[in-house]
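**Q** Handing you a structure now.
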Amino acid sequence: MGHLYYGTTPEPMRIPDRLLAHLKVVVATKLRRNESFTLSWTHVDGTPGRSTLWLQPAIALRFVFDSAEPEQLNAQTLKEMADMANSSAGLVVALDAVIPEASVPARTPAPAARRATLRSAA
């Protein structure tokens, strides 16, 4: 179970790693373009109701995954999520959704020499 931290709120939104990986791609794409939008979900932890975040580039955002390995992404799911994010209703996710098997391979790690350069430069 991954975590999405938004703004200065200390409590993260708990999201399964697979869903969080797809969210990360869609959210990063929108924010990189300076496009703000809403992200909504229905509570599944026993708390009644639903929540909505207004996502915009100026607000801190952090994705934390339980798994060290990147998830395989499903192209159709990414397209559907991107289309929702572009709509006036915003991106609405079901935290208990089952995402079909991957159709887009995860990024391959950088070559070892490049990884070493990136680490030593930081």
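**Q** What pairs can you find where one residue is in the stretch 3-21 and free of Cβ contacts under 8 Å to residues at least 60 places away in the same chain, the other is of a type in the set (S, T, Y), and their Cβ atoms are less than 7 Å apart, with a gap of 6+ or different chains?
**A** Pairs that qualify, where the first residue is free of Cβ contacts under 8 Å to residues at least 60 places away in the same chain and the partner is of a type in the set (S, T, Y), are P12/Y5; D17/S67.
**Q** Condition first: over 19 Å from A85 (Cβ atoms) and of a type outside the set (F, W, Y). Can you find one or more residues in the stretch 13-20 that meet it?
**A** Of the residues in the stretch 13-20, the ones over 19 Å from A85 (Cβ atoms) are 14, 17.
Next, from what is left, pick out any that are of a type outside the set (F, W, Y): 14, 17.
Among the residues of the stretch 13-20, at least one is over 19 Å from A85 (Cβ atoms) and of a type outside the set (F, W, Y), which makes the answer yes.
**Q** Could you check how many residues of the stretch 10-30 are over 17 Å from P100 (Cβ atoms), open to solvent by less than 30 Å² (accessible area, probe 1.4 Å) and modelled with pLDDT of 95 or more? Even if it seems obvious, please write down each step before you answer.
**A** Kept after step one, since they are over 17 Å from P100 (Cβ atoms), are these residues of the stretch 10-30: 10-15, 24, 27-30.
Among the residues that remain, those that are also open to solvent by less than 30 Å² (accessible area, probe 1.4 Å) are: 13, 15, 27, 30.
Pick out the ones that are also modelled with pLDDT of 95 or more and you get 27, 30.
Counting residues in the stretch 10-30 that are over 17 Å from P100 (Cβ atoms), open to solvent by less than 30 Å² (accessible area, probe 1.4 Å) and modelled with pLDDT of 95 or more gives 2.
**Q** Next up: So in the stretch 89-122, with the set limited to residues that are in a helix (DSSP H, G or I) and of a type in the set (A, V, I, L, M), which one is modelled with the highest pLDDT? Quick ask: steps written out before the conclusion?
**A** First, the residues of the stretch 89-122 that are in a helix (DSSP H, G or I): 112-121.
This time we only want the ones that are of a type in the set (A, V, I, L, M), so: 112-113, 116, 118, 121.
Numbers: A112: 56, A113: 50, A116: 48, L118: 49, A121: 49.
Ranking the candidates gives A112 first.
**Q** Just to confirm my filter: which strands (runs of 3 or more DSSP E) fall fully inside the stretch 17-88 and include at least 2 residues that are among the aromatic types (F, W, Y)? Reasoning before the result, please.
**A** Values: elements: 37-42, 50-55, 61-64.
Answer list for the stretch 17-88: 37-42.
**Q** For the stretch 54-68, enumerate the residues that are in contact (Cβ under 8 Å) with a residue 24 or more places away in the chain and either open to solvent by 60 Å² or more (accessible area, probe 1.4 Å) or more than 14 Å from P16 (Cβ to Cβ) (or both). Give the derivation first.
**A** Let us first name the residues in the stretch 54-68 that are in contact (Cβ under 8 Å) with a residue 24 or more places away in the chain, namely 55-57, 59-67.
Within the stretch 54-68, L55, Q56, P57, I59, A60, L61, R62, F65, D66 qualify.
**Q** Of the numbered conditions (1) open to solvent by less than 50 Å² (accessible area, probe 1.4 Å); (2) more than 25 Å from P100 (Cα to Cα); (3) modelled with pLDDT of 95 or more, R33 satisfies every one except a single condition; which is it?
**A** For R33, the exception is condition (1).
**Q** Counting only residues that are touching a residue at least 12 places away in the same chain (Cβ under 8 Å) and exposed (fewer than 15 other Cβ atoms within 10 Å of the Cβ), how many does the stretch 70-81 have?
**A** Taking the stretch 70-81 and keeping what is touching a residue at least 12 places away in the same chain (Cβ under 8 Å), we get 70-78, 81.
Now drop any that are not exposed (fewer than 15 other Cβ atoms within 10 Å of the Cβ), which leaves 72, 75-76.
Total satisfying the criteria: 3.
The values are calculated or read from the model by the stated rules, or taken from the named source; none is laboratory data. Only a predicted model underlies this, so the values are computations on that prediction, with no experimental measurement involved. Quick reminder, even Gly has a Cβ in these numbers, built from the backbone with ideal geometry, and neighbours come from all protein chains shown. We work out accessible area using only protein heavy atoms, side chains counted, and drop any ligands, DNA or RNA first. Shrake-Rupley method; radii C 1.70, N 1.55, O 1.52, S 1.80 Å.
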